[in-house]
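Okay, structure first, notes after.
The values are calculated or read from the model by the stated rules, or taken from the named source; none is laboratory data. Small disclaimer: the values here were computed from a predicted structure and weren't measured. Every residue, glycine as well, gets a Cβ built from its backbone with ideal geometry; the counts of neighbours run over all protein chains shown. Keep in mind that these areas ignore ligands, DNA and RNA; they rest on the heavy atoms of the full protein, side chains included. Shrake-Rupley method; radii C 1.70, N 1.55, O 1.52, S 1.80 Å.
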Amino acid sequence: MDDVSQAIAGERQLMDPRVRASRERVAQLLDPGFVEIGASGRRSTYETMVAELADYPGSSPDGPRYDPSDMRGVVLAPGLVHLTFEAVLGERRTRHGSIWRRGEGSVGGCTTTRPHTCRRARTERRWS
């Protein structure tokens, strides 16, 4: 799987309510240096997202789900991908941008310690 496909796969995983509800899985997908500035202006870090994402909209299997569209990636440098896309959650449509970075010691886009997983940080999203 190429770098853009790896980043898209990781982004889609983070929209899955089962993944969002699992602190362990979220911790695997987010880069420890993760920082997000939300639409409200709130700054969230890796620690706050791992602790709180299960309580955010889109995290309940019985509630509304994220429906992404027009997801595109551009390789900025080897192992560094910028994703852009739109997502609908309920009645709200939003635009998103994220950067994914391949982790250290990676083989085929995945680290040897966490094969077949991707890591993300809203400002710096990472697969490893």
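A few comments on the model shown:
- Given R0 = 22 Å, the distance between the Cβ atoms of Arg12 and Arg92 translates into a calculated FRET efficiency of 0.75.
- Pairwise centroid distance, computed over Cα atoms, of segment 1-17 with segment 46-75, Å: 12
- Using θ = phi - 60° and Karplus 6.51 cos²θ - 1.76 cosθ + 1.60, couplings along segment 69-84 (whole Hz; Gly, Pro as x): 8, 6, 7, 9, x, 10, 6, 7, 6, x, x, 10, 10, 9, 9, 9
- Averaged over its residues, segment 15-63 has an accessible area of 53 Å² per residue, based on protein heavy atoms and a 1.4 Å probe.
- Mean separation of Cα contacts under 8 Å, 6 or more apart, over the residue count of segment 28-107: relative contact order %: 17
- Using θ = phi - 60° in the Karplus curve 6.51 cos²θ - 1.76 cosθ + 1.60, the 3J(HN,Hα) couplings for segment 40-57 round to 7, x, 5, 9, 10, 10, 3, 4, 5, 5, 4, 6, 10, 4, 4, 9, 7, x Hz; x is entered for Gly and Pro.
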